[in-house]
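Engineer: Got a structure for you, questions after.
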Amino acid sequence: MSDPLRLGIAGLGTVGRGVVRIVQRHGELIAARAGRAIEIAAVSARDRSKDRGIDLSALAWEDDPVALAQRADVDVFVELVGGSDGVAREATEAAIAAGKDVVTANKAMLALHGQALAGLAEARGHVIRFEAAVAGGIPVVKALTEGLAGNAITRVMGVMNGTCNYILTRMESAGLPYETVFEEARQLGYLEADPELDVGGIDAGHKLSLLAAIAYGTKVAFPAVELEGIGKVRIEDIRHAADMGYRIKLLGVAQMTGRGLEQRMSPCLVPADSPLGQLQGGTNMVVLEGDSVGQIVLRGPGAGEGPTASAVMSDVIEIARGTRLSTFGQPAATLRDPVPARATAPAPHYLRMTLVDKPGALAKVATVLGDEGISIDRMRQYQHSDTSAPVVLVTHSTTRDAIDHALSRLPATGVLTGEAVAIRIEKV
Ligand code: NAP
Ligand code: HSE
C-alpha cells in the first residue's frame, strides 16, 4: 500500500466532528477502498478545551487554521470552518500556496471566490473538491461532474436548503404561522448564524450557482442569481396552495437559454403529488436533466453531521485514490464568462390580494391584469368579511415581468388593502 494520506482538519463543529468520527470508525474499510490509509495529522478549532465527544488525544493541535494549512505533515487541508471570507478563505489560500489539496464544505466561500481559488489551485497542480457544499449528503457534484459528463445539461433544479423546506412543511403540517415556525427552527439549531442566509434564499442560491458552473462550463456567477426568500410566504398561501393541489417550495432553477444563463431561487408552487411536492422536512432534492440521460432525481439529507461528513469523506477518498478532477468539472481557466439572463420562461402564477369590499373592486384588478396581457384561469374568494375580501387568482401562463408590472400598477387602483403576493407555479 502507498503512504497514508494525511489530513489537516480546520473546524471541529458539526461537520468536522463527523469527519473525525468516520475516519476513526472506518479506517480499515476506507483504506481498502482508497488503496491507502487515511490519517488525521492535525486539527484546529477556536476552543481547545471544548468537549466535542470525540477523541483528539493523539492528534496535533493548531490554534490557527493558517498554521494548520501550512504544516509539512498535512497532505489535504479540510476546511470546515465556514464563512465566505475571514479565516476560512485565508487558510484555504495558505493551503494552496503550501502545495496542499483542499476539501471544503463551504458553499459561501466557493460561490464568491471559487473561481479564483480553483484557478490558483489548478495553476499549481492541486485540487479543490466540494461535494459537501451542495445538498449535504447527496452526491450531486459527483453526479454532474462524472456521471453526467457526457450530457449537455438542459436544466438543474432543486430544493437545496433544508431549513426552508423544514419551515414550509412544518407550517403546513402544524398549521402554524411563519414567525412561530421560524422561532422553532432557531430553537432546534437549524438556522445559520445569520438566518437571512437560509430564509433569504442566499445559501440555496450559493449552491445553485456552484451547480450551474459545472453544468454549463461557466464561471460561478452567484451575484447573477435572481433571489427571493420565503419571508413573504404566509400560512394562508400554504393553505390556498394545498386547496388547489400544490405545495410551496423554495425552488432553484438554472438553465442555459438562447439569451444566456438563467438562475433563479424563489418560492414556487409545485404539484403536491410530484416528487418535489412530497419532499418533507430538512430533506433536499436535486433534479438534473441531460440531453442523453433524460431526468435524474437525487433525494436525501441536505445537512447534519453524518450526511455532510459522508460527502466530505467522498472527496478525501477520491484524492487518496489519485483521481484529480477540476473543481468545476473542467479547468477553471476554460470556464466561460456567463451572459446572465433574466428568467423569463412563462408560467402560471398564483396571486393573493385583499380587496376592499365594494362594487367594481374585482373588475379594476381584472382590468390591470388584462392590460398586461395576463389571463385569469381560476379565482377564489376566502373568509370574506364586511369590509374586505381576500382573493386568490391563478393566471394562465405569463411572464414574471408581466406579473411584476401588474403588481406595480395595482396600488393605484385604490381597491387593495395591503400588498399583493405573486408566486410562480412551476412545471416539474
Ligand atoms: P460549526 O458547527 O459552526 O463549526 C465551525 C467550526 O469552526 C467550529 O469547530 C469552530 O471552533 C471552528 N472555527 C470557527 N472560527 C474559527 C477560527 N477563527 N479558527 C479556528 N477554528 C474556527 O459549523 P458546521 O456546521 O460544522 O459547518 C462547517 C462548514 O460546513 C460551513 O462552511 C458550512 O456552511 C458547511 N456545511 C454545514 C452543514 C451542516 O449541516 N452543518 C451542511 C453543509 C455544509 P469552535 O468549535 O472551537 O468554536
Ligand atoms: N443551512 C443549510 C440548510 C445547511 O438548511 O440546508 C446545509 O447547507
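Engineer: I'd like to verify a number: residues in the range 301-355 that are surrounded by fewer than 20 Cβ atoms within 10 Å (Cβ to Cβ), in a helix (DSSP H, G or I) and more than 16 Å from ligand 1 (Cβ to nearest atom), how many?
Structural biologist: Number of matching residues: 3.
Engineer: Here is a further query. When residues of the range 81-133 are filtered for being within 22 Å of the chain's Cα centre (by Cα) and not charged (D, E, K, R), how many remain? Steps first, please.
Structural biologist: Taking the range 81-133 and keeping what is within 22 Å of the chain's Cα centre (by Cα), we get 81-86, 88-89, 92, 102-118, 128-133.
Remaining after also requiring not charged (D, E, K, R): 81-84, 86, 88, 92, 102-106, 108-118, 128, 130, 132-133.
Here the count works out to 27.
Engineer: Out of the residues in the range 290-319 meeting the condition of being farther than 15 Å from ALA34 by Cβ and of a type in the set (Asp, Glu), tell me which one is farthest from ligand 2 (Cβ to nearest atom).
Structural biologist: Per the stated criteria, the residue is ASP291.
Engineer: Quickly run through the range 183-194 and pick out the residues that are within 21 Å of LEU227 (Cα to Cα) and more than 9 Å from ligand 2 (Cβ to nearest atom).
Structural biologist: Within the range 183-194, ALA193, ASP194 meet the criteria.
Engineer: Suppose the filter is farther than 21 Å from THR163 by Cβ, away from ligand 2 (no atom under 12 Å from the Cβ) and touching a Lys or Arg at 6+ places or on another chain (Cβ under 8 Å); does GLY217 pass it?
Structural biologist: yes
Engineer: Does THR145 satisfy being more than 16 Å from ligand 1 (Cβ to nearest atom) and touching a residue at least 60 places away in the same chain (Cβ under 8 Å)?
Structural biologist: Taking the combined requirement at face value, the residue satisfies it.
Engineer: ILE403 - would you say it is under 19 Å from HIS240 (Cβ atoms), of a type in the set (Val, Ile, Thr) and surrounded by fewer than 18 Cβ atoms within 10 Å (Cβ to Cβ)? Spell out how you get there, then give the answer.
Structural biologist: Numbers: under 19 Å from HIS240 (Cβ atoms): yes; of a type in the set (Val, Ile, Thr): yes; surrounded by fewer than 18 Cβ atoms within 10 Å (Cβ to Cβ): no.
Criteria not met by ILE403.
Engineer: Out of the range 68-122, which residues are within 15 Å of ligand 2 (Cβ to nearest atom) and either part of a loop (DSSP other than H, G, I, E, B) or aromatic (Phe, Trp, Tyr) (or both)? Lay out the reasoning, then the answer.
Structural biologist: So the first thing to find is which residues in the range 68-122 are within 15 Å of ligand 2 (Cβ to nearest atom), and the list is 79-84, 88, 104-111.
Hits for the range 68-122 are LEU80, VAL81, GLY82, GLY83, SER84, ALA105, ASN106.
Engineer: Follow-up. Quick check: is even one residue across the range 185-203 away from ligand 1 (no atom under 16 Å from the Cβ), out of contact with any Phe, Trp or Tyr (no Cβ under 7 Å at 6 or more places or on another chain) and under 30 Å from PRO390 (Cα atoms)? Talk me through it step by step, then tell me what you get.
Structural biologist: Restricting attention to the range 185-203, the residues satisfying the condition of being away from ligand 1 (no atom under 16 Å from the Cβ) are 187.
Add one more test, that the residue is out of contact with any Phe, Trp or Tyr (no Cβ under 7 Å at 6 or more places or on another chain), and what stays is 187.
Then keep just the ones that are under 30 Å from PRO390 (Cα atoms); that gives none.
No - not one qualifying residue is present in the range 185-203.
Engineer: Also, I was wondering about something else. Determine if the range 50-64 includes at least one residue that is within 16 Å of ligand 2 (Cβ to nearest atom), of a type in the set (Val, Ile, Thr) and not in a helix (DSSP H, G or I). Let's see the steps before the verdict.
Structural biologist: Within the range 50-64, the subset within 16 Å of ligand 2 (Cβ to nearest atom) is none.
No - not one qualifying residue is present in the range 50-64.
Engineer: I'd like the residue in the range 280-289 that is of a type outside the set (Ser, Thr, Tyr) and within 16 Å of ligand 2 (Cβ to nearest atom) and, out of all such residues, is surrounded by the fewest Cβ atoms within 10 Å (Cβ to Cβ).
Structural biologist: Out of the qualifying residues, it is GLN280.
Engineer: Filtering the range 140-186 down to residues that are of a type in the set (Val, Ile, Thr) and more than 22 Å from GLY277 (Cβ to Cβ), which residue is surrounded by the most Cβ atoms within 10 Å (Cβ to Cβ)?
Structural biologist: Among those that are of a type in the set (Val, Ile, Thr) and more than 22 Å from GLY277 (Cβ to Cβ), it is VAL141.
Engineer: Within the set of pairs 6+ apart or on separate chains, which have a first residue in the range 176-193 that is in a helix (DSSP H, G or I), a second that is hydrophobic (A, V, I, L, M, F, W, C) and within 11 Å of ligand 2 (Cβ to nearest atom), and C-beta atoms under 6 Å apart?
Structural biologist: These pairs meet every condition: VAL181/ILE167; ALA185/ILE167; ALA185/LEU191.
To keep it simple, each residue is scored yes or no on (1) acidic (Asp, Glu); (2) closer than 24 Å to ALA193 by Cβ; (3) surrounded by fewer than 20 Cβ atoms within 10 Å (Cβ to Cβ).
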site	(1), (2), (3)
VAL20	no, yes, no
LEU29	no, no, yes
LYS50	no, yes, yes
PRO65	no, yes, no
SER84	no, yes, yes
ALA91	no, yes, no
LYS100	no, no, no
ASN106	no, yes, no
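Engineer: Would a scan of the range 37-46 turn up a residue that is touching a residue at least 60 places away in the same chain (Cβ under 8 Å) and away from ligand 1 (no atom under 14 Å from the Cβ)?
Structural biologist: Checked the range 37-46: at least one residue is touching a residue at least 60 places away in the same chain (Cβ under 8 Å) and away from ligand 1 (no atom under 14 Å from the Cβ).
Engineer: Do we have LYS358 as in contact (Cβ under 8 Å) with a residue 40 or more places away in the chain, in a helix (DSSP H, G or I) and of a type in the set (D, E, K, R) here?
Structural biologist: Values: in contact (Cβ under 8 Å) with a residue 40 or more places away in the chain: yes; in a helix (DSSP H, G or I): no; of a type in the set (D, E, K, R): yes.
So LYS358 fails the test.
Just so you know, all these numbers are worked out from the coordinates, no wet-lab data involved. Quick caveat, the model's predicted, so the values are computed rather than measured. With ideal geometry, Cβ positions are generated from the backbone for all residues, glycine too; neighbour counts draw on all protein chains shown.
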